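Comments concern the structure below.
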Amino acid sequence: MTLIFSGMQPTRQLHLGNYLGALKNWVKLQHDAQAIFCVVDMHAMTIAHDPETLRSNIREVAAAYIAAGIDPEKNILFNQSAVPGHAELNWILTCHTPLGWLNRMTQFKEKAGKQKDNAVLGLYAYPVLMAADILLYKATHVPVGEDQKQHLELARDIAGAFNRYYKADDFFPLPEPQILGEATRVMSLRDGTKKMSKSDESEYSRINLTDDADTIALKIRKAKTDPEPLPSAAEGLEGRPEAANLVTIYAALSDTTKAAVLSEFGGQQFSAFKGALADLAVARLAPIAGEMNRLLGDRAELDRLLKRGAERAGEIAGRTMNEVKDLVGLVRF
Ligand code: AQP
């Protein structure tokens, strides 16, 4: 049986990279399989955070999921910390993950930077918690952006190591990454070689899902480009990372291919293309922002949906944890 699991961290505001690399794909995938979408709030604590901001970001991310088109009745939508199994399985998997595997994780190196000794243990162990999130539901598929590929490979390795250690073939399925669509890695609007990211200091590097129309248009107008007109074929984008990024974003937002975008805009200057891209981005994102606002205006209803989601997730998680505790030799009552 196909079971999809994925999540986003409630750290700062979601951006176009989160939307095109993950959320937009989730909305499509939800119709064909059982799916669990989590607001991974415990992951958000691996960097410095303010409690009040975290609390409001959790609701904001949940609202973004629903506003983008995730159906909270058909799927399970909840926040990670509301299901204790995530923390429990995390510990058990931590005891099966060699340090050498974690030492290879590039995201830790990027995020910890030169301050490795001051980075917290949670940031280092982040990929183990991510493996626990997925394996707790025995998920088979995980739709993510390309940046999460390495963490997914680790989750597969941990699942395999656990299965072998307890001689329990196929206990945890090895989860498959689903890296889908034209925009698997959306780049910064200020530097086409850097990932669009919540933590980039420049607000002009990203488009947030809640940006208003004027802000979106301004950010796209200011986006870095080169002086050449757009090429007529995708090969002409090689060595032009900023141009390639804007064309990729246009293709993903309009559900078409880069080749189709270039056959329409090839030969045109960026000023004209940026105008069309801004109109498209506003047309796609403004309804999501409007719906998020509406949902956030009824906090009781949003909390009711999250609580119901946590109860449904908790039932599956509880069953897995019973099996895991029996396998590893813990006594339960
Ligand atoms: N630039 C991106 N392009 C495509 N997909 C992306 N994702 C993130 N950035 C891009 C995908 O969004 C999902 C949720 O990501 P996350 O919130 O868990 O954390 P992240 O990857 O750490 O996001 P950021 O923006 O890069 O945050 P910071 O700056 O804190 O590191 C994932 O599926 C991810 O692949």
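Bear in mind that the values in this text are calculations on the coordinates, not laboratory data. Just so we're clear, the structure is a prediction, and the values are computed from it rather than from any experiment. Positions of Cβ are backbone-derived with ideal geometry, glycine not excepted, and every protein chain shown enters the neighbour counts.
Some observations on this one:
- Placing unit charges on the Cβ atoms only, positive for Lys and Arg and negative for Asp and Glu, gives segment 94-171 a dipole magnitude near 200 debye about its Cα centre.
- Leu174 sits among other residues whose Cβ lies under 13 Å from its own Cβ, and their net charge, with Lys and Arg +1 and Asp and Glu -1, is -2.
- Using only side-chain charges placed at the Cβ, +1 for Lys and Arg and -1 for Asp and Glu, the dipole size of segment 203-293 relative to its Cα centre rounds to 120 debye.
- Segment 155-174 and segment 105-120: distance between their alpha carbon centers, rounded to Å: 28
- Take the Cα of Asp170, step 7 Å toward its Cβ, do the same at Leu121, and the gap between the two points is 3.7 nm.
- Cleavage-rule hits, trypsin sites (Lys or Arg not before Pro), segment 1-81, DSSP coil, Cβ neighbours within 10 Å at most 12: Lys74
- Per-pair calculated FRET efficiency, R0 = 41 Å: Lys149 and Gln268 via Cβ, rounded to 0.05: 0.75
- Take every Cα pair under 8 Å whose residues are at least 6 apart in sequence, average their separation, divide by the length of the chain, and the relative contact order is 23 percent.
- Karplus-derived 3J(HN,Hα), 6.51/-1.76/1.60, for each residue of segment 300-312, Hz, glycine and proline x: 4, 5, 4, 5, 5, 5, 5, 5, 4, x, 5, 5, 5
- Distance between the 7 Å Cα→Cβ label points at Ala276 and Lys109: 4.0 nm.
- Positive contributions from Lys and Arg (+1) and negative ones from Asp and Glu (-1), summed over other residues with Cβ under 12 Å from the Cβ of Gly236, come out at -2.
- Difference of contour (0.36 nm per residue) and Cα-Cα distance, Asp303 to Ser199: 34.7 nm
- Near the amide H of Leu3, within less than 5 Å, lie the amide hydrogens of Thr140, His141, all on another chain or at least 5 residues away, with H placed in the peptide plane.
- Ranked list, fewest to most other Cβ atoms within 10 Å of each Cβ, for Leu89, Leu230, Leu136, Leu302: Leu302, Leu230, Leu89, Leu136
- Loop GluC sites (Glu not before Pro), segment 176-270, which have at most 10 other Cβ atoms in a 10 Å radius of their Cβ (DSSP): Glu201, Glu238
- Neighbours of Thr256, meaning other residues whose beta-carbon lies under 11 angstrom from its beta-carbon, give a summed charge of -2 when Lys and Arg score +1 and Asp and Glu score -1.
- The angle between the Cα long axis of helix 241-253 and the main principal axis of the chain comes to about 70°, on a 0 to 90 degree scale.
- Of all DSSP beta bridges confined to the chain, the antiparallel ones make up roughly 10%.
- Against the chain, whose longest principal axis is taken from its Cα atoms, helix 121-135 shows a tilt of about 80°.
- Greater than 29 Å apart at Cα, pairs in Lys28/Lys167; Lys24/Lys167; Lys28/Lys307; Lys114/Lys167; Lys116/Lys307: Lys28/Lys167; Lys24/Lys167; Lys114/Lys167; Lys116/Lys307
- Under-5 Å amide H pairs with Met196, H placed in peptide plane, nonlocal only: Val186, Met187, Ser188
- A DSSP coil position with no more than 15 other Cβ atoms inside 10 Å describes the following GluC sites (Glu not before Pro) in segment 69-140: Glu73.
- Remark on Gln178: its backbone amide H falls under 5 Å from those of Val142, Val144, a criterion applied only to residues 5 or more positions apart or on other chains, H modelled at 1.01 Å from N.
- 0 to 90° range, to nearest 10: angle between helix 51-68 axis and the chain longest Cα axis: 70
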